[in-house]
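These notes are about the structure you will find just below.
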Amino acid sequence: MVVTMPSKSLIEEKVSAFVKDPVKLKNTSGILFDFIFDAPLEKLIPTISGLPPISILDQFTKKKDRLRTLLNLDISAAYPYQTISEGIEPETESAITEFVGSLEVYPSKKLLVDLLGQKAIQDIIANILESGIIEFNKKTNPLFGMIQATGLDKQIKSFINLFLPNFLPKIADFLHATSFQPNSSMPHDICLLILHAQFTEVTLPNSEQLEKAEVALSNLIDRLKNDKKLSATTSNLIQQLQNSFLNLYGKQTLKEFLNLNEVEYSDLKNKGSEYLAEQILNYHKKNAIDSLLTSLIEEIMN
């Protein structure tokens, strides 16, 4: 039996009518929904054996002004508020802070000591202690003026720096006991602070800093692309997580995994396919896709 392939003009005509028909687009979208939601996850999720070759990644990393491109975007027009909190309702803010506060993820004492041991943080602690000691003595010690006259007050910070490393474990113990325990309000309070922080409080890099950052980012990307150990680690991570997920849920359909009953799925399919059809229609108006679909169908038919 000889099958005659439709002419290109006929294919173009059918495709052009298809991408302009909201009913056909919705029906086709519904077929896609059924395929995705009725298939077992083990068949739906593709097997990923590893990361793409470096030669492919290279083509996506040629642009060298990535940070400047981001900073050139008109963020103020996209988000015309001074804080994150201003762009959401109070109930949403409460839900966010409640969720963050419920996580109760805290650093260990050892990690706290390591963090406090960083030179920048030690300098901050030393400056705070020095200022506190000086102010306290100014108000309570009548002889402190004489001490200042001799310049001995300048040695306070050196004295603090000498003994500060021995105090760090005690500071870590105090923080761990007071701020990093279950039912602590610190995660909630920090989240609230971030939501209410003014964007103007964040200093953006100037041109010179941007150039340095661009160079550093390019070096980082090159290093990541050529890190064979990282590639192997990432591939193994993806494979192990995929295997673990499929061992637990692979026999379930996406519908079952999301705990959707038939009524809920029918509503999702109806609204989802309608939305998808609308987006295809809108996209086609700006960027005609009938020629692309025609080429794909011709390739399949050949």
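The values are calculated or read from the model by the stated rules, or taken from the named source; none is laboratory data. Given the structure is predicted, the values throughout are model-derived calculations rather than measurements. Glycine also receives a Cβ, built like all others from the backbone with ideal geometry; neighbour counts cover every protein chain displayed. All accessible areas refer to the heavy atoms of the entire protein, side chains included, with ligands and DNA or RNA removed. Shrake-Rupley method; radii C 1.70, N 1.55, O 1.52, S 1.80 Å.
Considered as an equivalent ellipsoid built on the Cα gyration tensor, the chain has semi-axes of 59, 26, 24 Å, the largest given first. How would the stretch 42-81 be classified by its alpha-carbon gyration tensor: rounded, prolate or oblate, with rounded meaning a/c under 1.5 and the a/b versus b/c comparison settling the rest? Verdict is oblate for the stretch 42-81. A simple packing score, the average count of other Cβ atoms within 10 Å per residue, orders the peptides 265-271, 220-226 as 265-271, 220-226, with the highest score first. Pairs of lysine residues in the stretch 153-263 that meet both criteria, 8 or more places apart or on different chains and Cα atoms under 29 Å apart, total 5. Annotation note: trypsin sites (Lys or Arg not before Pro) in the stretch 52-108 located in DSSP loop regions with a Cβ neighbour count of at most 16 within 10 Å are 62, 63, 64.
Paramagnetic label reach from residue 64 (point 7 Å along Cα→Cβ; backbone nitrogen cut-off under 15 Å): within the stretch 196-235, residues 210-222.
If you count only protein heavy atoms with a 1.4 Å probe, what accessible area per residue comes out for the chain, rounded to a whole Å²?
Ligands and nucleic acids excluded, the result is 74 Å² per residue.
Note on surface exposure: 178, 61 rank 178, 61 by accessible area, highest first, 1.4 Å probe. Taking GluC sites (Glu not before Pro) across the stretch 197-302, none is in a DSSP loop with at most 13 further Cβ atoms lying within 10 angstrom of its Cβ. Taking the alpha carbon gyration tensor of the stretch 230-302, multiplying each eigenvalue by 5 and rooting it gives semi-axes of 33, 25, 13 Å, largest first.
Heavy-atom surface analysis with a 1.4 Å probe gives the chain a carbon and sulfur content of 62 percent of its accessible area. In this structure, residue 128 and residue 214 have a Cβ-Cβ separation that, at R0 = 25 Å, corresponds to a calculated FRET efficiency of about 0.10. At a temperature of 37 °C and a viscosity of 0.692 mPa s, determine how fast the stretch 177-269 diffuses translationally according to Stokes-Einstein, using the Kirkwood radius over alpha-carbon pairs as Rh; express D in µm²/s, rounded to the nearest whole number. D, rounded to a whole number, is 167 µm²/s.
Here the simple spin-label model places points 7 Å from the Cα toward Cβ, and for residue 223 and residue 236 these points are separated by 2.1 nm.
Sort 188, 176 from largest to smallest accessible area, using a 1.4 Å probe on the heavy atoms of the protein chains.
These residues rank, largest area first, as 188, 176.
The candidates 200, 294, 234, arranged from most to least accessible area with a 1.4 Å probe in the full protein assembly, appear as 200, 234, 294. A Förster radius of 30 Å combined with the Cβ-Cβ distance from residue 243 to residue 35 puts the calculated FRET efficiency at roughly 0.80. Bridging of residue 285 to lysines at a Cα separation below 28 Å is possible for 8, 14, 20, 24, 26, 269, 271, once same-chain residues fewer than 8 apart are set aside. With q set to 0.21 Å⁻¹, the log10 of I(q)/I(0) for the stretch 88-218, from the Debye formula over equal scatterers at the Cα positions, is -1.12. For the stretch 179-218, backbone nitrogen atoms closer than 19 Å to the point 7 Å from residue 109 Cα along Cα-to-C-beta are found at 179-184. Give me log10 I(q)/I(0) at q = 0.20, 0.22, 0.25 Å⁻¹ for the stretch 78-129, Debye formula, one equal scatterer per alpha-carbon, no solvent. Debye curve over Cα of the stretch 78-129, log10 I(q)/I(0) at q = 0.20, 0.22, 0.25 Å⁻¹: -0.78, -0.79, -0.87.
Hey, with R₀ at 25 Å, roughly what FRET efficiency would residue 9 and residue 287 work out to, going by the Cβ-Cβ distance, to 0.05? Plugging the Cβ-Cβ distance into 1/(1 + (r/R0)^6) gives 0.70.
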